[in-house]
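So the structure is just underneath, and the comments pick up after that.
The values are calculated or read from the model by the stated rules, or taken from the named source; none is laboratory data. Here the structure is a predicted model, which means the values were calculated and not measured. Note that we place each Cβ from the backbone using ideal geometry, even for glycine, and neighbour counts take in every protein chain shown.
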Amino acid sequence: MSADRSQIKPLSRRQLLQALAAAGITGPAAIDLVAQARSSISSESLRQASAILGETFTADRLTVIQAALQRNLEQFQIVRDLVIDDSVEPAPVFDPRRR
(Lines give C-alpha, C1' and ligand atoms only; values in the text may rest on other atoms or scores of the structure.)
Protein backbone atom coordinates (compact mmCIF):
# COMPACT_ATOMS: atom_id res chain seq x y z
CA MET A 1 0.00 0.00 0.00
CA SER A 2 2.19 2.86 -1.19
CA ALA A 3 0.74 6.36 -1.10
CA ASP A 4 1.47 8.92 -3.76
CA ARG A 5 3.73 11.56 -2.16
CA SER A 6 1.87 14.38 -3.89
CA GLN A 7 -1.29 13.45 -1.97
CA ILE A 8 0.39 13.43 1.45
CA LYS A 9 -0.21 16.69 3.32
CA PRO A 10 2.73 18.01 5.33
CA LEU A 11 2.31 18.22 9.10
CA SER A 12 1.88 21.61 10.67
CA ARG A 13 4.25 22.62 13.45
CA ARG A 14 1.50 22.02 16.00
CA GLN A 15 0.71 18.54 14.62
CA LEU A 16 4.39 17.63 14.64
CA LEU A 17 4.81 18.74 18.26
CA GLN A 18 1.69 16.77 19.24
CA ALA A 19 3.04 13.66 17.55
CA LEU A 20 6.42 14.07 19.25
CA ALA A 21 4.71 14.55 22.64
CA ALA A 22 2.69 11.38 22.06
CA ALA A 23 5.98 9.58 21.43
CA GLY A 24 7.40 10.97 24.67
CA ILE A 25 9.69 13.54 23.06
CA THR A 26 9.08 16.93 24.66
CA GLY A 27 10.82 20.15 25.59
CA PRO A 28 14.07 21.23 23.95
CA ALA A 29 14.50 17.90 22.14
CA ALA A 30 11.18 18.37 20.36
CA ILE A 31 11.98 21.98 19.46
CA ASP A 32 15.35 20.89 18.05
CA LEU A 33 13.64 18.26 15.89
CA VAL A 34 11.15 20.79 14.58
CA ALA A 35 13.96 23.26 13.82
CA GLN A 36 15.86 20.58 11.91
CA ALA A 37 12.78 19.64 9.93
CA ARG A 38 12.25 23.27 8.92
CA SER A 39 15.85 24.10 8.12
CA SER A 40 15.18 25.42 4.62
CA ILE A 41 12.59 27.66 3.03
CA SER A 42 11.10 26.59 -0.27
CA SER A 43 10.06 28.97 -3.01
CA GLU A 44 6.63 27.33 -2.90
CA SER A 45 6.15 28.30 0.75
CA LEU A 46 7.15 31.86 -0.18
CA ARG A 47 4.58 31.90 -2.98
CA GLN A 48 1.92 30.71 -0.55
CA ALA A 49 2.92 33.35 1.99
CA SER A 50 2.81 36.07 -0.64
CA ALA A 51 -0.68 34.90 -1.69
CA ILE A 52 -1.84 35.22 1.93
CA LEU A 53 -0.42 38.74 2.01
CA GLY A 54 -2.05 39.55 -1.32
CA GLU A 55 1.33 40.32 -2.89
CA THR A 56 2.90 39.02 -6.06
CA PHE A 57 6.64 38.72 -6.54
CA THR A 58 8.71 37.87 -9.58
CA ALA A 59 10.79 34.70 -9.56
CA ASP A 60 13.97 36.81 -9.19
CA ARG A 61 12.53 38.66 -6.21
CA LEU A 62 11.46 35.37 -4.58
CA THR A 63 15.02 34.08 -5.01
CA VAL A 64 16.39 37.16 -3.20
CA ILE A 65 13.79 36.82 -0.42
CA GLN A 66 14.54 33.11 -0.07
CA ALA A 67 18.28 33.77 0.24
CA ALA A 68 17.74 36.49 2.85
CA LEU A 69 15.39 34.32 4.93
CA GLN A 70 17.76 31.36 4.72
CA ARG A 71 20.62 33.58 5.90
CA ASN A 72 18.44 34.73 8.83
CA LEU A 73 17.66 31.11 9.74
CA GLU A 74 21.36 30.31 9.77
CA GLN A 75 22.06 33.32 12.02
CA PHE A 76 19.25 32.27 14.39
CA GLN A 77 20.78 28.81 14.56
CA ILE A 78 24.13 30.31 15.56
CA VAL A 79 22.41 32.12 18.44
CA ARG A 80 20.52 28.94 19.44
CA ASP A 81 23.76 26.98 19.49
CA LEU A 82 25.47 29.54 21.71
CA VAL A 83 26.32 28.00 25.06
CA ILE A 84 26.12 30.42 27.97
CA ASP A 85 27.51 29.26 31.29
CA ASP A 86 25.12 29.27 34.23
CA SER A 87 27.44 31.62 36.10
CA VAL A 88 26.71 34.41 33.59
CA GLU A 89 24.12 36.71 35.11
CA PRO A 90 21.30 38.07 32.95
CA ALA A 91 21.21 41.77 32.22
CA PRO A 92 19.38 43.65 34.99
CA VAL A 93 17.77 45.97 32.43
CA PHE A 94 17.16 45.36 28.74
CA ASP A 95 16.50 48.38 26.58
CA PRO A 96 17.23 47.76 22.90
CA ARG A 97 17.12 51.50 22.16
CA ARG A 98 20.35 52.13 24.09
CA ARG A 99 23.51 52.35 22.05
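If you check Gln66 against the conditions, is it out of contact with any Gly (no Cβ under 9 Å at 6 or more places or on another chain), under 24 Å from Asp32 (Cβ atoms) and surrounded by 11 or more Cβ atoms within 10 Å (Cβ to Cβ)?
On the way: out of contact with any Gly (no Cβ under 9 Å at 6 or more places or on another chain): yes; under 24 Å from Asp32 (Cβ atoms): yes; surrounded by 11 or more Cβ atoms within 10 Å (Cβ to Cβ): yes.
In short, yes.
Select the helices (runs of 4 or more DSSP H) contained entirely in segment 4-55, then report the ones holding at least 3 residues which are at pLDDT 75 or above and under 17 Å from Gln70 (Cβ atoms).
Values: elements: 13-22, 28-37, 43-53.
So the answer is 43-53.
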